[in-house]
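Below is one structure, written out as structure tokens; the observations come after it.
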Amino acid sequence: DVMRFANELTNCGIQELNLDFPTIVVVGQQSSGKSSLLSSLADVPLPDGADTVTRCPIELRLVQDHQERVDIHLRKISDATGAEPFRSNLEKYSVKNAVRDAQEAVLQGRAFSSSRVNITIRGPSLPNLTLLDLPGLYRSKGAEDTEEERRQRDQVRELVASHVRQRSAVVLAVVPTEGDMNNNDLLSFLQQQDSNYKQRTLGVLTKCDKLERCKPEEQEIWKRIMCGKEYSIDL
């Protein structure tokens with residue numbers, strides 16, 4: 001009942017009242033497997049691919065209900081009147097394309113935006129849960145970066161940081177098990193935002209099928225991570 005109440009308030013523009021409801025904030029580097037993970041949790045197909053998939057905050061509200069239904073609203077930063085209906089009563093197979101279209105409607109030609117797409121998913125087997133998927137972090141290419149690429153990278157980092165810093169946020173840190181973990185700077189990024197981030201962060205390893213392609217020394221580190229002996233977090 002609390003989650004249903006929160007959902008209705010959000011559609012009415014609850015952000016303007018600055019009420020801080022707990023949210024699971026999903027963060028990771030670009031192409032870390034966030035979208036595939038969320039598709040599994042929500043039991044609906046979401047956009048995926050090797051390129052940047054999430055370009056604005058996408059809020060998934062899972063609601064346990066006897067009726068299966070998917071509705072999409074747009075929540076634009078500049079609009080204080082609440083969420084704007086975009087697509088209603090969608091079939092599962094059409095959700096992926098609808099989310100792509102919703103992002104384009106929010107972005108309006110920009111690379112990234114702080115405005116969000118709200119997806120409410122109802123079904124009898126779903127938990128009452130709210131997750132916020134954020135654009136993936138990505139590293140600088142060094143001297144090859146254009147000024148616009150640097151601006152976009154900084155915009156993404158600040159967008160993610162603004163949500164991670166919220167004390168009510170539970171952080172779902174998504175890390176793919178490929179290559180050298182030391183090359184993944186997600187945990188150091190979280191440390192920069194909150195020195196106590198481990199107390200409200202849950203780690204999820206994705207792409208475990210790629211573990212066999214890692215070097216033996218890298219595989220050993222990943223095994224230690226899985227056993228909680230390396231890069232351990234408290235939640």
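The values are calculated or read from the model by the stated rules, or taken from the named source; none is laboratory data. The structure presented is a predicted model; accordingly, all values stated were derived computationally and were not measured. A quick note on method: Cβ atoms are made from the backbone with ideal geometry, for glycine too, and the neighbour counts reach across all protein chains shown. SASA here: full protein model, heavy atoms, side chains in, ligands and nucleic acids out. Shrake-Rupley method; radii C 1.70, N 1.55, O 1.52, S 1.80 Å.
In this structure, is L187 modelled with pLDDT under 90, in a helix (DSSP H, G or I), open to solvent by less than 90 Å² (accessible area, probe 1.4 Å) and within 15 Å of V25 (Cβ to Cβ)? Break it down into steps so the answer makes sense when it comes.
Working: modelled with pLDDT under 90: yes; in a helix (DSSP H, G or I): yes; open to solvent by less than 90 Å² (accessible area, probe 1.4 Å): yes; within 15 Å of V25 (Cβ to Cβ): yes.
When the stated conditions are applied, L187 passes them.
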For D101, only one of the following conditions fails: (1) closer than 16 Å to P57 by Cα; (2) modelled with pLDDT under 95. What is its number? (2)
Residues (open to solvent by 60 Å² or more (accessible area, probe 1.4 Å) and in contact (Cβ under 8 Å) with a residue 12 or more places away in the chain) located in the stretch 216-231: M226, E230, Y231
Counting only residues that are in contact with a helix residue (DSSP H, G or I) (Cβ under 9 Å, 6 or more places away or on another chain), polar (S, T, N, Q) and not in a strand (DSSP E or B), how many does the stretch 192-213 have? 2
The stretch 44-60 - residue that is at pLDDT 90 or above and of a type in the set (D, E, K, R) and, of those, most open to solvent (accessible area, probe 1.4 Å): R55
Can you confirm whether V204 is touching a residue at least 40 places away in the same chain (Cβ under 8 Å), within 24 Å of L46 (Cα to Cα), open to solvent by 30 Å² or more (accessible area, probe 1.4 Å) and touching a Leu at 6+ places or on another chain (Cβ under 7 Å)? yes
Going by the conditions given, is L107 closer than 15 Å to E59 by Cβ and either in contact (Cβ under 8 Å) with a residue 24 or more places away in the chain or touching a helix residue (DSSP H, G or I) at 6+ places or on another chain (Cβ under 6 Å) (or both)? no
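Looking only at strands (runs of 3 or more DSSP E) that lie completely in the stretch 114-177, which have at least 3 residues being at pLDDT 95 or above and open to solvent by 60 Å² or more (accessible area, probe 1.4 Å)?
On the way: elements: 116-123, 129-133, 169-176.
Ranges flagged: none.
What are the residues in the stretch 31-49 that are within 13 Å of the chain's Cα centre (by Cα) and hydroxyl-bearing (S, T, Y), if any?
In the first step, residues of the stretch 31-49 are kept if they are within 13 Å of the chain's Cα centre (by Cα); the result is 31-39, 41-42, 46-48.
Once the filter is applied, which keeps residues that are within 13 Å of the chain's Cα centre (by Cα) and hydroxyl-bearing (S, T, Y), the stretch 31-49 yields S31, S32, S35, S36, S39.
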What about H66, is it open to solvent by 10 Å² or more (accessible area, probe 1.4 Å), part of a loop (DSSP other than H, G, I, E, B) and modelled with pLDDT of 90 or more? yes
For V117, indicate whether it is under 16 Å from the mean Cα position of the chain (by Cα) and touching a residue at least 60 places away in the same chain (Cβ under 8 Å). yes
